[in-house]
1. Return the residues of the stretch 121-157 that are under 21 Å from Ile104 (Cβ atoms), assigned to a helix (DSSP H, G or I) and either small (Gly, Ala, Ser) or touching a strand residue (DSSP E or B) at 6+ places or on another chain (Cβ under 7 Å) (or both); say none if nothing qualifies.
2. Looking at the stretch 85-130, which of its residues are at positive phi and either in contact (Cβ under 8 Å) with a residue 12 or more places away in the chain or among the polar types (S, T, N, Q) (or both)?
3. Enumerate the strands (runs of 3 or more DSSP E) found wholly within the stretch 12-89, keeping only those where 1 or more residues are surrounded by fewer than 22 Cβ atoms within 10 Å (Cβ to Cβ) and not aromatic (Phe, Trp, Tyr).
4. When the stretch 21-41 is examined, which residues are found to be under 14 Å from Lys95 (Cβ atoms) and hydrophobic (A, V, I, L, M, F, W, C)?
Amino acid sequence: MIGLDTGVQDFKVRILLDGARTLEFVGPADITQEMTDAIVNAANSSLLGGGGVDGAIHRAGGPAILAECRKIVSKIGNLPAGEAVITTGGRLAAKHVIHTVGPIYRGGEHGEAEKLASCHRKSIRLADEHALKSLSFPAISTGAFGYPAAEAAALAISSTVDALASAKTVNRVRFVLFDISTLRTYTRAAEKLRNPNSVSSYIIEKRPS
């Protein structure tokens, strides 16, 4: 059993991929306490903070994060769903925050699945471009944006495994889930993972109770 970045929270389930890459599921936990190289913020398109995970990250990280977000918005405008940008982590233990905008769920007929998958793929790609080795995701779009948690979990995990398998520097991804219900939803989805296209072999490991 590996030691975790927080020094407190152990994994509940993890997926071991080729190349010593791991995908871990932990919770109930606070993503602002993570010590991975980056944490992922479930941002709104304005990048100016909000409720939920977004507000918690801005509060914990301080004004430096918002200052960089404002610079980004001044250059590119609002960030579309499925895209990602990176800023400092401010006062956070993580050195960086990757901000990605999840889709608002409108019945699943408006490209929500592809946008949610893109959030995970592009966050990992961005971490890779900055030579980061580890990052932590929340349950993107499952709160106020209304994405059904079971559907979101399956998409998040499959797209993350696919991106992680081809990453150059990122070798560890954590899903840090706020409550036990969400943790169970994501770990159930992990246990149902079947033959990701880009993965030649993988092992699903549970922590003993």
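The values are calculated or read from the model by the stated rules, or taken from the named source; none is laboratory data. From a predicted model like this one, the values you see are computed outputs, not experimental measurements. Every residue, glycine among them, receives a Cβ derived from its backbone with ideal geometry; neighbour counts consider all protein chains shown.
1. Scanning the stretch 121-157 gives Lys122, Ser123, Ala149, Ala150, Ala152, Ala153, Ala154, Ala156.
2. Once the filter is applied, which keeps residues that are at positive phi and either in contact (Cβ under 8 Å) with a residue 12 or more places away in the chain or among the polar types (S, T, N, Q) (or both), the stretch 85-130 yields Gly90, Gly108.
3. Strands (runs of 3 or more DSSP E) meeting the threshold: 13-17, 21-26, 84-88.
4. Met35, Ala38, Ile39, Val40
To keep it simple, each residue is scored yes or no on (1) among the acidic types (Asp, Glu); (2) closer than 19 Å to Gly52 by Cβ; (3) modelled with pLDDT of 95 or more; (4) surrounded by 20 or more Cβ atoms within 10 Å (Cβ to Cβ).
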residue	(1), (2), (3), (4)
His99	no, yes, yes, yes
Ala113	no, no, yes, no
Ser118	no, no, yes, yes
His130	no, no, yes, no
Ser134	no, no, yes, yes
